[in-house]
Amino acid sequence: MSYLRDSQPVIIHCDTDYIRAVHGLAEFFNRPAVTLRACYAVPSSSSKTETNGDVPMREETTTPGPEISSRSNWLIGDDLSNAEKEADFKEKYEVHWPFRSNKSNDDCDGRAYVLTHVYTMLGLKISTNSLPLLFIPPPSPTFPLSLQASYTQLAFESLNTPVFSIIPSPLASLYALGSTTGIVIHIGRNESTIFVITDSVVRWECSTTVNVGEADCEDFFRDLLMEDELLEQELKSASEKAELTSEEKKKLVKEVAEFVWKECTGDDIEIPIYKSGNRGMTGGLAGGTGAGAGAGDKEDDSFDVAKKLVGDVAPAQAVQSHKSKKQQAAAAAAAAKSAQAIADAAAVAAQNIDTIVINIPSLPGKEFQLGPVRHRLCEPLLFGKNRTGDTVWEGVGRAIDNASLSIGERLSLWEGVGVVGELARFRSLSPSLVTYLAPYLLSSTDLTSDCQPGKIRLLNIPDYFANFKNSTSELAPFLGGSLVAKVAFSDSQGKHAISKIDYNQKGPAAIYNVSLEGQ
């Protein structure tokens with residue numbers, strides 16, 4: 001396959017909810033040229049009696065993967081986004097996510113349909129496709145050969161690719177983060193998975209799944225916003241209403257939450273770091289501004305905003321006054337009034353000191369503030385569902401404690417921890433999550449131990465990838481796939497990829513011959 005050395009491959013990173021793709025590799029590696037939601041919509045079963053002209057429309061079932069002839073009725077991409085804005089969308093269509101885990105039925109037709117649309121967005125024709133494909137599938141706790149064979153069949157039969165290579169998402173992520181040994185934490189839609197990799201080998205037996213993900217964070221955050229008094233007052237003021245009905249409030253809060261998830265991924269969100277004993281708290285980390293305080297620390301670590309604003313003043317000493325009692329009372333009243341004014345100003349400043357200005361479609365032209373409640377949006381990952389469930393950092397501990405790992409391997413893994421998934425676009429999540437691994441470390445860096453780590457190194461995309469400089473790690477699997485593609489399709493011995501000739505001879509099982517070195 002040396003003739004492919006100068007070819008421009010297609011790289012597709014497919015997560016459960018989003019697909020990123022690019023055609024061609026540049027010297028500095030390109031960012032994704034296409035980003036697509038990994039879903040499509042079909043007419044719902046309730047609309048089976050509708051007709052299209054004189055011909056009755058085919059009955060759609062709830063099982064994904066209808067006949068190919070009915071794809072003209074499917075919606076994807078911009079068409080789907082526009083249709084979702086219609087009030088009766090949920091009654092008319094069913095949305096399918098073919099790359100999400102589905103143990104009962106794999107939506108092979110849906111996957112082919114979505115990936116075909118990706119090629120269309122890249123300006124490529126399936127019928128004349130002559131470009132090799134590097135595919136990064138959605139992460140899963142295992143990566144059986146049967147699943148690899150399924151993607152191989154899809155690539156050759158549905159996408160007409162001449163050469164195909166596949167790499168597990170956690171391994172691609174670690175390569176992009178500049179390491180070959182480490183821990184990859186993938187925050188998924190409904191669950192999070194922790195992967196252990198040693199010397200470029202994914203240790204699937206160590207994979208750990210935690211039943212908490214982005215969807216839980218979204219639900220939790222909406223509930224927080226519904227209870228936030230500051231936001232309620234802001235919404236009333238912006239809508240110019242004395243009271244909001246329950247439905248009105250839910251609609252506005254939903255739009256506020258969507259704004260935060262889409263627009264406030266940078267410095268606007270400061271996810272609190274670990275503080276000993278904070279899991280048992282019922283109100284989240286104190287202040288929610290980046291450093292938590294346990295309930296027992298409240299008195300010692302109290303922060304007087306008013307005192308900070310007016311400055312530290314030495315306590316007044318009692319002095320003898322020669323003024324009349326009437327003059328002293330007037331002076332005392334003036335001093336009390338001044339102190340009250342300062343306290344009121346400090347209280348106002350304290351409310352405004354950690355707010356952001358947002359706007360939503362339902363209140364065009366109106367701006368209002370959102371307070372520190374926004375910092376708590378990822379608490380389900382850190383404290384579990386309802387503060388009683390499993391946490392992501394506890395899942396990391398279980399993965400590391402797997403009996404198949406030697407003590408040396410366990411220690412080396414802490415030298416590289418990466419956080420990927422769509423939630424990784426929040427810049428403060430990865431540094432915060434790593435601090436919650438502190439219970440697994442030595443109590444002091446001055447101590448030495450042969451079986452317990454003294455520090456953890458958080459991995460980020462290196463700055464020498466010019467086009468990815470300052471990017472967050474949700475792009476790591478895509479970048480890692482681009483790195484592998486540089487090698488996979490220039491290997492004349494075929495260790496990293498299979499050709500259509502191989503596929504014609506052996507079928508989907510041809511992928512089995514790709515060595516572990518190529519994986």
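List, in order, the whole-Hz ³J(HN,Hα) value for each residue of the stretch 72-82 obtained from phi through the Karplus relation with A = 6.51, B = -1.76, C = 1.60 and θ = phi - 60°; use x for Gly and Pro.
Per-residue couplings from phi come out as 5, 8, 7, 10, 7, x, 5, 4, 5, 4, 5 Hz.
Calculate the FRET efficiency for Ile342 and Asp78 from the Cβ-Cβ distance with a Förster distance of 60 Å, rounded to the nearest 0.05. Don't skip to the end; give the middle numbers.
Values: r = 55 Å, r/R0 = 0.92.
E(calc), rounded to 0.05, equals 0.60.
Would you mind computing, in nm to one decimal, how far apart the modelled labels at Lys455 and Thr245 are, each placed 7 Å from Cα along Cα→Cβ?
6.0 nm
Just rank Leu133, Leu459, Leu244, fewest to most, by other beta-carbon atoms within 10 angstrom. Walk me through the numbers before you get to the answer.
Working: Leu133 27, Leu459 24, Leu244 16.
Ascending number of Cβ neighbours within 10 Å: Leu244, Leu459, Leu133.
Given a Förster distance of 60 Å, report the FRET efficiency between Lys85 and Ala329 from their Cβ-Cβ distance, rounded to the nearest 0.05.
Details: r = 67 Å, r/R0 = 1.11.
E(calc), rounded to 0.05, equals 0.35.
Ranked by Cβ crowding within 10 angstrom, fewest neighbours first, how are Ser101, Ser169, Ser45, Ser179 ordered? List each step's numbers first, then the result.
On the way: Ser101 15, Ser169 28, Ser45 11, Ser179 20.
Final ranking by Cβ density, sparse to dense: Ser45, Ser101, Ser179, Ser169.
Of the options Ile358, Val392, Leu405, report the single residue whose Cα projects farthest towards the positive end of the charge dipole of the stretch 348-414 (beta-carbon charges: Lys, Arg +1; Asp, Glu -1).
Ile358
Pull up all non-local amide H partners of Phe368: gap of 5 or more, or a different chain, and H-to-H distance under 5 Å with H placed in the peptide plane.
Ile358
Could you run the Karplus curve 6.51 cos²θ - 1.76 cosθ + 1.60 with θ = phi - 60° over the stretch 208-219 and give me ³J(HN,Hα) per residue in whole Hz, x for Gly and Pro?
Per residue, the Karplus-derived 3J(HN,Hα) values read 10, 10, 10, 7, 8, x, 4, 4, 5, 5, 5, 4 Hz.
Name the residues whose placed amide hydrogens come within less than 5 Å of the amide hydrogen of Ile273, ignoring near sequence neighbours (fewer than 5 apart) on the same chain.
So Ile273 has HN proximity to Gly290, Ala291, Gly292.
For a footprinting-style exposure proxy, rank Thr388, Thr265, Thr35 by other Cβ within 10 Å, fewest first. Before the final figure, lay out the partial values.
On the way: Thr388 8, Thr265 18, Thr35 14.
Going from sparsest to densest Cβ surroundings: Thr388, Thr35, Thr265.
FYI, it's all coordinate maths here, none of it is from the lab. Keep in mind that this is a model prediction, so the values were computed, not measured. So basically every Cβ, Gly included, is an ideal-geometry build from the backbone, and we count neighbours across all protein chains shown.
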